[in-house]
1. Scanning the range 43-53 for residues that are surrounded by fewer than 21 Cβ atoms within 10 Å (Cβ to Cβ) and in a loop (DSSP other than H, G, I, E, B), which turns out farthest from the ligand (Cβ to nearest atom)?
2. Which residues, taken from the range 220-236, are touching a helix residue (DSSP H, G or I) at 6+ places or on another chain (Cβ under 8 Å) and either surrounded by fewer than 16 Cβ atoms within 10 Å (Cβ to Cβ) or assigned to a loop (DSSP other than H, G, I, E, B) (or both)?
3. Is at least one residue of the range 201-209 part of a helix (DSSP H, G or I) and under 15 Å from the mean Cα position of the chain (by Cα)?
4. Among the residues that make up the range 120-135, is at least one of them within 16 Å of the ligand (Cβ to nearest atom) and more than 18 Å from residue 99 (Cβ to Cβ)?
5. For residues in the range 24-39 being away from the ligand (no atom under 13 Å from the Cβ) and in a loop (DSSP other than H, G, I, E, B), which is surrounded by the fewest Cβ atoms within 10 Å (Cβ to Cβ)?
6. Residue check: is residue 160 surrounded by fewer than 19 Cβ atoms within 10 Å (Cβ to Cβ), touching a helix residue (DSSP H, G or I) at 6+ places or on another chain (Cβ under 7 Å) and over 30 Å from residue 251 (Cα atoms)?
7. In the range 184-200, what residues are part of a helix (DSSP H, G or I) and either in contact (Cβ under 8 Å) with a residue 12 or more places away in the chain or at positive phi (or both)?
8. Looking at this structure, is residue 159 free of Cβ contacts under 8 Å to residues at least 24 places away in the same chain and within 23 Å of residue 98 (Cα to Cα)?
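We did not get these values from a lab; they are worked out from the coordinates using the rules stated. This structure is a prediction, so every number in the text was calculated from the model and none was measured. All Cβ positions, even for glycine, are placed from backbone atoms using ideal geometry, and neighbour counts span all protein chains on display.
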Ligand SMILES: [Zn+2]
């Protein structure tokens, strides 16, 4: 169980002892919609909610850690801990009540140092999470599966800072080059899709459809192509805003490219 040497340790119990182990593969940033110090955030986790994060960062850049990084924390819904034992490390950050203000320079410096340490300590790769399960760095509202019923966290200003300052800063502080540009599955052809194939590509397609909120599955997604895949793909075509004649559940090359299925 790892504790960040630069953070003040304020362990939340019984969660710290009771919650299962994770193998951390992601770092997810939040705004807590309150101008709280790390201690005040600790008191909130201790006294009034079970949705704790691993870290809390105040406006002045001070940082506390509430849960060991190899123990589940509960701020990120399905990313907290997956069936394969992987999970996300989370940090709440002080913000205004609407979570609309920018991170301060001191918060940015602390976030960047923490991100670089998580890369060194846990091997979190220097890339932005392409999907809800993809190892890397992200922010709460980035993927639907990371919140129960949607979230505005963090606000637009901080999302812009994430791309402009936070992620490039972590890459630089970690002394690394960013991971190579993501590679996506090439279009397999409509004929192949219509043959109802069994393939890991179909699982990856289904996972991306679910990630986009286009989920007609009662089980799965899995490697065997089913009518639930076709219906989920149809929902995605509608989401893209394509004309009705292009919303038949069979993805065309441009729709496939828009789905950005990570290479399996
Ligand atoms: Zn959040």
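1. Looking at the filtered set, the residue picked out is 50.
2. 220, 221, 222, 223, 224, 225
3. Yes.
4. yes
5. Among those that are away from the ligand (no atom under 13 Å from the Cβ) and in a loop (DSSP other than H, G, I, E, B), it is 35.
6. Taking the combined requirement at face value, the residue does not satisfy it.
7. If the condition is that a residue be part of a helix (DSSP H, G or I) and either in contact (Cβ under 8 Å) with a residue 12 or more places away in the chain or at positive phi (or both), then 190, 193, 194, 200 are the ones that fit.
8. yes
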